[in-house]
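The values are calculated or read from the model by the stated rules, or taken from the named source; none is laboratory data. Source: prediction; values computed, not measured. Backbone-built Cβ (ideal geometry, glycine too); neighbour counts: all protein chains shown. Only protein heavy atoms, including side chains, enter the accessible area calculation; ligands, DNA and RNA are left aside. Shrake-Rupley method; radii C 1.70, N 1.55, O 1.52, S 1.80 Å.
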Amino acid sequence: MIVGEISSLSNIISIGADDSRGGWEMQFRVMGDTDAIDINQRVIFRWSPLMGYEYLYGWDGRWWTGFDGWVLPYRFSFDVAGSQITATAQTSDGFLRRGWCQGIGFVDRDTTPRDHYHQFDSVTGVPIERMTLGRIVRHLLGYYDQLGNPPATNPDWVAHTNLVYHVTQNPAGWITLDFVTTTPFVWPGTPDGSMRTDRYIVRETKNLWDTIRQIASNEFFVAYFDKWDRFHYCRHPMYAATPPGAVCNFDEKMSVGKPVVSTRLQDQVRQVILHAVTDTGSTLHAEYPGSFAWVYGNIHEQSYIRCNSQAALDHWAHVLFLYMNRPYTVQWNLPGLAGLLFEINEPVSITYTGTDANGVHINWTNEKFWISNIMVYPRGNNTSGVSVLTLESDNGISP
Amino acid sequence: MPYVDPVLREAIRQAQQGALMELYTGTRVYPQYHCCISGNTVGVYKDPVAIMHADDTEVCELTPVSVSFDTSFSATSTLVTWAVDWDDGNNSAGAWPPPAHVWHPAGGYTLSGVYTVELTITDILGETGMAAVDIVVIYCPPSWPALPGIVVGGLDWGVAYCQDIYASPKVWVDLQSSELVVAGSKRPRCLRFAQDINGEWQIFMGTDCGVYRYRYYDPALPGTGHWTEVVSTTQLQTLGGINFAELCVWEIDNAQDMPGCIYAVFGARLWPWTGMGIVYSHDYFDTIDRVVYVQAGNFPVQAKEWQSEVEVVQGTGGREAWCGGCYTANNGRIYYTSNYGATWTLKHSMVSAVEHMVISPYVSHTGKGEFINFMGNNNTGKYRSTDFGATWNTMGAIAARVSRGMTSPWITDTIEYLEAGSFMRWVNGVNSVLTTWPIGGWARDCVETGRYANQVLSECVLVGRIGGGGGCIHLWDPSMIGGAIAGQGNSIGNWQTLTGWADCISVAKLNYGWPKE
């Protein structure tokens, strides 16, 4: 709910997101009123192109929400004439980064009914909910369990946090689980479902966000908050059975300043090895390539993965190998606040052919890239700006 | 070629043009993290668990606000008490279980701001659980029907209302007066609040340029938020050849509140709102008798001159409209209708014109409601009835009358008020006369001599208590330049000039502005 507007007092320094953080962050200043914001207070940034926006059939001067997050502890300086707050706001991953959780041993008891909510089974509820990593994440954050008894207190609000909104059980919450994948993985039927598992230990933590991100990485999922503070837990798009197509094609008309292409070594990893545990407790292993690509070089080996399909594990190993040996990282500058139209891990494409004049010898036609970082810098007293996108080349991940 | 969203491309292209940016703040949140209880206990909360939400997280000042927290619980113990800190110095507390809604003890927050309401619950072991919620309190401008007064402006007769008639300084809000200015117009005559069955408030104002109506602005209703003419001077002139209309608009309040319950009297006719009928009127200054017919509701008599007063009365059979006027020379009558003008019944025949009627709900020592009727320029023509008009008695004559060179000064206004020791006052241009119940005798309560010579006391209104006693404020004829005078108490003297035309106007017209109910 909007409480006030501080547009005239504030100045946005940057808004951005990074794949490694899993959320968005805005840095801003507020002048002349140290009570204008408060810790844990919501801040919303909105913008609208000055010249409107012609959407195919007519002018559409819509307002976009560029950021929706929460103020972190901030600082301010002052003198006799005024004051200035320098603040950072983050999406709700910022809360979870400071959140704690006890150690929990989750177990799926199959035909034995559960006793409490750290247990799942194959007999309680219609429909039955077997244990998946997604359901563990859901349990940690909060949900309304109405599967029926046991336990005898069902239905229950089950949560280790108070962040999740529910109209009756937790109306003070503010995040949604609508974008959390909990349905079980089945290969090839639901290849992007969450992995079934019979035993899973969540270690005691003082950084619940890190714990959730780790759970996600164990099944090649991604946990992140988009710029509108919506929580996503889903298959990382690069590792999806069918990776999504580019949402936008960049050409030289959509660039400001100078794009920067960073070339990368493509022989850094000679093999990717993945070790996984199945829900029955057996192990799976995948290697890509089957034999070393090069005599010397690094081997990337990863364990603690949960996967019930050899084919899926093989696929992930392949994708990871391609990604780690990708040829380019590109820094592409978009005009104004256009960076706020994209999300982390979205694919885009670039079409550009060098010329004799600039001596650039790349010839890209719809060359696919994945957004790994977005930084938007408003300028000119909040009237213009530049967006810098960091793009990682696809390198054949997408067929 | 892969699909590329054209919307996105266009948005990026437009982004080159720069952008408008806004930054908003919202409410605070209070993240919490819970632990399991060891053993066989189900649930994953640390006891006790406080769960609270506000029924409204944004409220107006002085508006009841409540929180609910009866879903709080303890899985291993027993809750015994709860306490709520409203963050404005108010607290609520009680034994468990709480009511479904716990209301702010002062009826709401008095000042706007953001308040953090904190709940603390305690179990039998002394363990506590806490929850908090932010409530945003905003200032909500009052809707004007609740405002204390309507004022009709001065020489350019604008209309404004005052948010607090007793505040200093007063804050006036213009009801789009520019719509009312008509070239060559004189001044407004009367106005009334009216309320329909939907609770919608309207103002009807009679002017010498027609009848206007103002409906409070509602974006869903066309025609609201500004004055609309409902009877034009053209209509009046076409039908009656008048160039001045004495209007009096009032409402018959009834259980149905039908649209036809707004009646207007102008010229010599009483007519219902939904039907104009045939209108006759005559010039205020025309002394030639004219025969006029009253069409509304089959009014049974011919009116010789103007019908000057209508009032709503709570009669024996329910709500009645009384219409008083002068129908023949030296013969005034009062008729009433209890069926919105379908039929009329004679209430009383007077000896002179009915100038004013004052209907007082005052319960006298006899325990009955009092109906008073004043007439004309005759100091014996003041009557009262205590049995809803079945019988009438005179009110007695004033002890002395000072004409100040004016012949037969007409009673120009009458009020009644129920302050201790006072009952009624009327003015007749130069005199202010009052009586006290139950004596019925009249005493002249005169203004200072020489000060207001050749000026006319045209209205007499009362504004609450002034100076600790009943007060009367006389409004000068609005065509005169000047302010007004005010009297304090009931004794002769202590008259003082009000400062400022706006003060005078506002106070004087306050009486008109009060809703009927």
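Once you charge only the Cβ atoms, +1 for Lys and Arg and -1 for Asp and Glu, what is the size of the charge dipole of the stretch A:325-399 about its Cα centre, to the nearest 20 debye?
160
Annotation for B:ILE124 and A:TRP228: the two label points, set 7 Å from Cα along the Cα-Cβ direction, are 4.9 nm apart. Charges were assigned to the Cβ only: +1 to each Lys and Arg, -1 to each Asp and Glu. The resulting dipole of chain A about its Cα centre is roughly 360 debye.
If you sort B:ILE124, B:ILE12 by accessible surface, 1.4 Å probe, largest first, the order is B:ILE124, B:ILE12.
Here, the stretch A:97-212 yields an orientationally averaged convex hull projection of 7.4 nm² when only Cα atoms define the hull. Between the residues A:TRP24, A:GLY105, A:PRO49, the greatest Cα displacement towards the positive end of the dipole of the stretch A:1-141, with unit charges on the Cβ of Lys, Arg, Asp and Glu, is found for A:GLY105.
Neighbouring Cβ atoms from other chains, within 10 Å of the Cβ of residues in A:43-49, number 6 on average.
The mean number of partner chain beta-carbon atoms within 10 angstrom of a residue's beta-carbon across peptide A:70-78 is 1.
Chain A contacts chain B over a buried accessible area of about 5500 Å², both sides summed; the probe is 1.4 Å and only protein chains count.
Surface composition of the stretch A:254-399: carbon and sulfur atoms hold 52% of the protein heavy-atom accessible area at a 1.4 Å probe. Counting only Cβ charges, +1 for Lys and Arg and -1 for Asp and Glu, the dipole size of the stretch A:258-320 around its Cα centre is about 320 debye. With the charge dipole of chain A set up from +1 on Lys and Arg Cβ and -1 on Asp and Glu Cβ about the Cα centre, the Cα lying farthest toward the positive end among the listed residues A:ALA241, A:THR365, A:ILE136 is that of A:ILE136.
Projected over every direction and averaged, the convex hull enclosing the alpha-carbon atoms of the stretch A:156-225 yields 6.0 nm². When the other protein chains are added to the chain by itself, burial of at least 10 square angstrom of heavy-atom accessible area (probe 1.4 Å, ligands and nucleic acids ignored) affects these residues of the stretch A:319-339: A:PRO335, A:GLY336, A:LEU337, A:ALA338.
Set against the 2.2 N^0.38 Å expectation for a compact globular protein, chain A has a Cα radius of gyration ratio of 1.10. Protein heavy-atom accessible surface, 1.4 Å probe, per residue over chain A: 43 Å².
Backbone geometry of the stretch A:351-361 corresponds, through the Karplus equation with coefficients 6.51, -1.76 and 1.60 at θ = phi - 60°, to 3J(HN,Hα) couplings of 10, 7, 10, x, 10, 5, 5, 9, x, 8, 10 Hz, x marking Gly and Pro.
Here the label points at B:ALA93 and B:THR71, each 7 Å from Cα along the C-beta direction, are separated by 2.7 nm in the simple model.
Farthest toward the dipole's positive end in the stretch A:293-399, which of A:ALA312, A:ASN333, A:TYR352, given Cβ charges of +1 (Lys, Arg) and -1 (Asp, Glu) about the Cα centre? Farthest towards the positive pole: A:ASN333.
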